[in-house]
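Asks: So that we are looking at the same thing, I have put the structure below in C-alpha cells.
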C-alpha cells in the first residue's frame, strides 16, 4: 500500500503544485510558502495543521457564545424583552444555517487557507462592532435590537464556512484512518472554547464591562487568524515542512491521487444520494436536541433554577467540558471501529449509540433537583453528542472528496436550521409545557437522530455513483 502511494505521489504533487518535477532536490530548494513552524516532528507535520485548525475552532466558539453571558446586560441596557432576546440569539443560527452551503462551496473552490483567513477577520470585526453599539448616536436613538439581530445574523453567516472548511482541510491533509481523530480534536477545541468562554466573559464583565468582553474576544480572534494565514497551506505538497515520506504516507491512504472540482454532474449525483439525505436528516434532529446547550442553558440555571450569576456561568461551562472530552474520544473510537469493521458499521455504530444515549440523559437531567448533579448529567448528554460529531464529518469525507465542503455545509446547515427552529420555538414550548417538559422534548429529538444512523452507509460514495 505504501509503495503504491510512493508511485502515485509524483502525479499528485505535480497537480498540487503545477510543477514538472518532484525530486528531493527540488523539494528541499523550494522557497517556503509559510514561516517555519517547529510544531511537529518530521513525518507528522499534518498534525500541526490540525493544531492550527483547533486554534481557529477555539476562537470560533469564543465569538459565538460570548453573547450568552453578556445577554442579561444587553437586555438591561437596551430594554430587550425575553422574546426580543430570543430573536437576537436565534439570528445567529439562521445566518449560520443559510451560510453553510455557500461556505462549503467557497472552501472547495478557493481552499481552506484563504477562506478561513477571510472568515476569521470578519468574525473579529463583527464581534468588535457588537461591543460598540450605543443607545444613541449623534443625538438620535438607535434600534439596538435590530442592530444586534443584524450583527448576529452576519456573524452566523460568516462563521458558517468554518466546519465545512475544516472538513476540506482534513480531506486534503489527513489519511483516511486519521480523519475522525483529527475532527475529534477540532471539536474538542470548540468544546474547550465553549467551556472557557462563559467564565472568562463573566470575569471580564464583572471587572471591566460587557463591551470590553467583545473587544477582547475580537483581538484574540484576529491574533489566531494571523497565525493561521502565516503558517498554513491548502495542500501538504505546498508546505516546506512536509517531507517526501509524509507526502507518500498521506497518498498511500488517499482514495484518489487527484480530486476534480464539483461540477453540475456531481450535483446531480448529490441530489440522488440517499446517504446525503439521511446525514442531513440526522443532523437536523441532532441540532434540535443540542440547541439547549448553546442558547438557553445559562438562562435556565440562573433564572429558573436560582443559581447565582457566576455559579450559573460555571454550570453552563460544564456541557462544554463534556464536549471537550467527548469529541476526541468519539474520533478515536470512530477510527478504531472503522479500521476494525470498515463501513457501514465502522462509521455508524458510534454515532448511533452516542446520540441515542445523549437523548436519554437530556430527558433525565431536568428531573434532578440538585443543580450541580443536573448540570453534570446535562454535560454528559452534551459530551455524548460530541462523541458523535467526528463520525458525522468523517462520513462526509468518506462519501465525497469532490464536494466535501459542499456536503459538509449542507449537513451542518441542516443541523443549525434545526437548532434555529428549536431556539425560536423553545419559549413557546416553555409556556405550554414548562421548562422541564421543553427540555425533555429537546432530548427526545436526539433519539430520532441516533436511530437514523442505522440507515447510513458511508461506503456508498457520491463521486462513484
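Values quoted throughout were computed directly from the atomic coordinates according to the rules given, and no laboratory measurement underlies them. In this text, all values refer to a predicted model and were calculated from it rather than measured experimentally. Cβ atoms come from the backbone with ideal geometry, glycine included; neighbour counts cover every protein chain shown.
Asks: Among 348, 289, rank each residue by its count of other Cβ atoms within 10 Å, from fewest to most, as a rough exposure measure.
Replies: Exposure proxy ranking, most exposed first: 348, 289.
Asks: To test your reading of the geometry: what angle, between 0 and 90 degrees and rounded to tens, separates the Cα axis of helix 112-130 from the longest principal axis of the chain?
Replies: That helix lies at roughly 20 degrees to the long axis.
Asks: Can you give the log10 of the normalised intensity I(q)/I(0) at q = 0.09, 0.13 Å⁻¹, computed with Debye over equal Cα scatterers of the chain?
Replies: Ignoring solvent entirely, the Cα scatterers give -0.57, -1.15.
Asks: Still on this structure, I have one more. If contacts are Cα pairs under 8 angstrom and at least 6 residues apart, what is the relative contact order of the chain in percent?
Replies: Computed value for the chain: 26 percent relative contact order.
Asks: Ranked by Cβ crowding within 10 angstrom, fewest neighbours first, how are 225, 69, 396, 142 ordered?
Replies: Result, fewest neighbours first: 142, 225, 69, 396.
Asks: How high is the FRET efficiency between residue 429 and residue 199 when r is their beta carbon distance and R₀ equals 45 Å, given to the nearest 0.05?
Replies: Efficiency computed from Cβ-Cβ geometry: 0.95.
Asks: Another question, then. Could you list the residues of the stretch 224-242 with an amide nitrogen less than 16 Å from a label point located 7 Å from the Cα of residue 47 in the Cα-to-C-beta direction?
Replies: Answer for the stretch 224-242: 242.
Asks: Let me ask something additional. Multiply the residue gap between residue 150 and residue 208 by 0.36 nm, knock off their C-alpha separation, and tell me the result in nm, one decimal place.
Replies: Difference between extended and current length: 18.3 nm.
Asks: Let me ask something additional. Relative contact order, percent, of the stretch 289-431 when contacts are C-alpha pairs under 8 Å separated by at least 6 residues?
Replies: Across the stretch 289-431, relative contact order equals 31 percent.
Asks: Going by C-beta contacts inside 10 Å, put 229, 432, 44 in order with the fewest on the left.
Replies: Details: 229 17, 432 9, 44 13.
Going from sparsest to densest Cβ surroundings: 432, 44, 229.
Asks: So, one more: Set the Förster distance to 22 Å, then compute FRET efficiency between residue 457 and residue 272 from the Cβ-Cβ distance, nearest 0.05.
Replies: E(calc), rounded to 0.05, equals 0.90.
Asks: Shifting gears a bit: I'd like the FRET efficiency for residue 309 and residue 436, computed as 1/(1 + (r/R0)^6) with the beta carbon distance as r and R0 of 25 Å, rounded to 0.05. Can you show the working numbers first?
Replies: Details: r = 22 Å, r/R0 = 0.89.
The pair residue 309/residue 436 has a calculated efficiency of 0.65.
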